[in-house]
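What follows is a set of notes on a single structure, which appears directly below.
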Amino acid sequence: MVSVLIVDCHVHSSGNESVDVILKGMEKAGIDKAIVFSPYPSFSPGEGGRLAPTAGVTRHLGFSYPDVTSERQREAVEFIARLQKEAPDRIIGFVWLEPRLKDAVQLVEWAITSKELKGVKMIPDHWYPYDEFMYPIYRKVEELGVPILFHSGILFGFKDSSRFCRPVNYEVLVSFPKLRFALAHISWPWVDECIALWGRFRAALRERGEGAENMQMFIDITPGTPLIYRRESLQKLIAYGAEDYMVFGTDCSAGRLGYARYHVERDVAILTQEIGVSRKTVDKILGGNALKFLGMK
Ligand SMILES: [Zn+2]
């Protein structure tokens, strides 16, 4: 199995990995480039970078984890920027931004322009993607010309935040037409809603009279989907016309990227043997589409 280029668009860092370990894992898995998210800017007393949630019920706009600060946000950016600097052809750093920080707009601008990170990752923690405080952030990221990768679907962590992560909550981005974004995990279990939202963005493109190169929405096919849902989910995406916008990812932690090999083999087998797509389509999904998402192509 030889591919032109394999990009893993969904890798988590806990803030203590070395470049050596990351590159060794990538080598083992045959991954050419990896989008690595900075750690979440919360105090984490747990071991292995595991976050410990706050007690009690968390309301709209409340925080699931304690002590989220701008200082930690900056430290997290510095860490991922250092990794990227050591292996700029292999590691693509994204800032995992907490958008409720008072200086979030300035922080994201600094992370992209001064620290040269290539995109933004966000998980709605008791905030809705259409909450008004998000608009200045969308405007800034749109201006910076980098993509946002959002968590979407059931959320294992961040307490009872899953309802904030439903695909249709992201429809607001139609009002920021130059903003490129991806929804992670095919939004499982809301796969159909995710695909419908993609169709909604395709319709918006036609409404604006623009070509496919301006399509805003990509779909990060990182599981998410338990295996029994996977063939059907990928097949629906392809049947609906989204094959140029599907991006491969693993959700591996940066220190254990060797496991990404299993993800590549599984998805190639499903795509070629079960669904029966061409090698060209597989190559787009494994890497080519990610370059478009990143604005590198
Ligand atoms: Zn993830």
Task: region 212-297: chymotrypsin sites (Phe, Trp or Tyr not before Pro) falling in loop per DSSP and having at most 16 other Cβ within 10 Å - done: Y240
Task: region 235-270 and region 3-25: distance between their alpha carbon centers, rounded to Å - done: 15 Å
TODO: Would you list the P(r) distribution for region 1-128, with all Cα-Cα distances sorted into 10 Å bins from 0 and each bin expressed as a whole %?
DONE: 12, 41, 31, 13, 3, 0
Task: Sites Q273 and E27, calculated FRET efficiency, Cβ-Cβ separation with R0 25 Å, nearest 0.05 - done: 0.45
Task: Computed [θ] at 222 nm, helices only, for the chain once each DSSP H run of length n ≥ 4 contributes -39500 (n - 2.57) - done: -10000 deg cm²/dmol
Task: Contact order relative to length of region 7-294, as percent, for alpha carbon pairs under 8 angstrom and 6 or more apart - done: 21 percent
TODO: Sum up the charges of everything whose Cβ sits under 9 Å from the Cβ of T58, counting Lys and Arg as +1 and Asp and Glu as -1, but leave T58 out.
DONE: 0
- [ ] Indicate the gyration tensor shape class of region 99-161 (rounded, prolate or oblate), computed on the Cα atoms with a ≥ b ≥ c the square roots of the eigenvalues: a/c under 1.5 is rounded; otherwise a/b larger than b/c is prolate and the rest oblate.
- [x] prolate
Open item on the list: Kirkwood hydrodynamic radius, computed over distinct alpha-carbon pairs, for region 130-247: how many Å, to one decimal?
Closed with: 14.6 Å
- [ ] Would you mind estimating how fast the chain diffuses translationally, via Stokes-Einstein at 25 °C and 0.890 mPa s with the Kirkwood radius over Cα pairs, in µm²/s?
- [x] 128 µm²/s
- [ ] Express the Stokes-Einstein translational diffusion coefficient of region 55-113 in µm² s⁻¹, to the nearest whole number, given a Kirkwood radius over alpha-carbon pairs, 10 °C and a viscosity of 1.306 mPa s.
- [x] 123 µm²/s
Task: Most fluctuating residue given options P124, P41, P66, as computed from a GNM of the chain linking Cα atoms under 10 Å - done: P66
- [ ] With springs connecting C-alpha atoms under 10 Å apart, model the chain as a Gaussian network and identify which of V247, V174, V77 has the largest mean-square fluctuation.
- [x] V174
TODO: Hand me the trypsin sites (Lys or Arg not before Pro) from region 39-112 located in a DSSP loop with no more than 11 other Cβ atoms within 10 Å, in residue order please.
DONE: R50, R59, K102
TODO: Using a 1.4 angstrom probe, figure out how much accessible area the chain has per residue, in square angstrom, rounded to the nearest whole.
DONE: 43 Å²
Open item on the list: Quick check: at a probe of 1.4 Å, how many percent of the accessible area of region 7-294 sits on carbon and sulfur atoms?
Closed with: 51 percent
Open item on the list: Please check: in the Gaussian network model of the chain (C-alpha springs, under 10 Å), which one of D125, D220, D160 has the largest mean-square fluctuation.
Closed with: D160
TODO: Mind giving me the nanometre distance, one decimal, between the label points for E116 and L61, set 7 Å out from Cα along Cα→Cβ?
DONE: 3.9 nm
Task: DSSP-loop trypsin sites (Lys or Arg not before Pro) across region 193-266, with at most 15 other Cβ within 10 angstrom - done: R208
Task: For W96, residues with placed amide H under 5 Å, excluding near neighbours - done: S38, K121
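The values are calculated or read from the model by the stated rules, or taken from the named source; none is laboratory data. In this text the structure is predicted, and so the values were computed from the model without any measurement. Here Cβ is always computed from backbone atoms with ideal geometry, including for glycine, and neighbour counts include all displayed protein chains. Areas reflect the complete protein model, heavy atoms only, side chains present, ligands, DNA and RNA absent. Shrake-Rupley method; radii C 1.70, N 1.55, O 1.52, S 1.80 Å.
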